[in-house]
Amino acid sequence: MKPQNPAWICQTLNNQRFFATLYDKDRRIPVYSAYKYKPGKFHTNHTWTVEPQLILSNLPKNMQTVRTLEHQYNITKEKIMQSQAVNTDYENSGWDCGYLNPNGHHNTQDSRNVTFTFTNIVPMNEKLNRHAWRNYEQQMMANKSQDCQTTYVIVGAVPGNSSISNGRVNVPSHIWSGACCKTKNNTMSAWAAIAENNQDQVWDLTLGQLENSLAQLEAVGRGWLRLPTGVVESPLLERLKPQVDMILDNLL
């Protein structure tokens, strides 16, 4: 799943690192975002930002608005657009700005605000984003994690065969999520989901089924392949928590 032109981003706001993203600079979408699930209930209305480190390595590590980069650092919008998506890519596109790491999965103002970056956004089908996927983010995640001590999450996108903004930004064929946690009884719990990005439906999977389906999608480069029931659980569970834990513990 590693893109040809990748960027590993420590999503940083106010000099604090919050979550990790693997970004595809050619397709201008994130491959995945990894974070700890700590939901909270309050309204957030933050300004959209971009990632300065994708433009020049000597720019600030804190995410910035396009306007700030233009006026304070003399970086043109055209220069910014070479490495990443911006708001004009999504305007009048017919697609929602779909968060991989949603702000509702966090419980402080900064941890919510930091999700408002275009390096955490993919073009998502409007019905899916506002109905079935939102239900998964808000209801299923809450139900699945209610007995968890700490929940580790990776949400990603499978590149598709279409694009918006005159070919600048890839439209994913699928959106997926995998999560695991240690419960209050010190047992392990894990779950996953995947959705076609043109349907208002989310498929509940095991982590093993998710891994297999992503491998098949990557291999054939086309639509959803339904797996037979009873697929044996893979070692993904054992790999998921240590990877996310290592990434995020090094950040926080």
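In table form, for the structure just shown:
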{"read-out": "Conditions (1) without any contact (Cβ under 8 Å) to a residue 60 or more places away in the chain; (2) in a loop (DSSP other than H, G, I, E, B); (3) open to solvent by less than 80 Å² (accessible area, probe 1.4 Å); number of the one not met by Leu69", "value": "(2)"}
{"read-out": "Selection status of His46, outside any strand (DSSP E or B), without any contact (Cβ under 8 Å) to a residue 60 or more places away in the chain and open to solvent by 30 Å² or more (accessible area, probe 1.4 Å)", "value": "no"}
{"read-out": "Residue among Asp96, Asp110 that is of a type in the set (D, E, K, R), open to solvent by less than 70 Å² (accessible area, probe 1.4 Å) and under 23 Å from Val158 (Cα atoms)", "value": "Asp96"}
{"read-out": "Odd one out for Tyr37, checked against (1) under 18 Å from the mean Cα position of the chain (by Cα); (2) among the hydroxyl-bearing types (Ser, Thr, Tyr); (3) over 29 Å from Cys148 (Cβ atoms)", "value": "(3)"}
{"read-out": "Tally of residues being modelled with pLDDT of 95 or more, open to solvent by less than 60 Å² (accessible area, probe 1.4 Å), over 22 Å from Gln146 (Cα atoms) and not small (Gly, Ala, Ser) across region 175-230", "value": "3"}
{"read-out": "Qualifying residue in region 4-26 (condition: under 14 Å from the mean Cα position of the chain (by Cα), open to solvent by 10 Å² or more (accessible area, probe 1.4 Å) and over 30 Å from Ser145 (Cβ atoms))", "value": "no"}
{"read-out": "Hey, Tyr37 touching a strand residue (DSSP E or B) at 6+ places or on another chain (Cβ under 7 Å) and open to solvent by 50 Å² or more (accessible area, probe 1.4 Å) or not", "value": "no"}
{"read-out": "Those residues of region 49-66 which are outside any loop (DSSP other than H, G, I, E, B) and farther than 17 Å from Asn14 by Cα, in sequence order", "value": "Leu54"}
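The values are calculated or read from the model by the stated rules, or taken from the named source; none is laboratory data. The structure displayed is predicted, hence computed values, not measured ones. With ideal geometry, Cβ positions are generated from the backbone for all residues, glycine too; neighbour counts draw on all protein chains shown. Note: accessible area is taken over every heavy atom of the protein model, side chains too, but ligands, DNA and RNA are not part of it. Shrake-Rupley method; radii C 1.70, N 1.55, O 1.52, S 1.80 Å.
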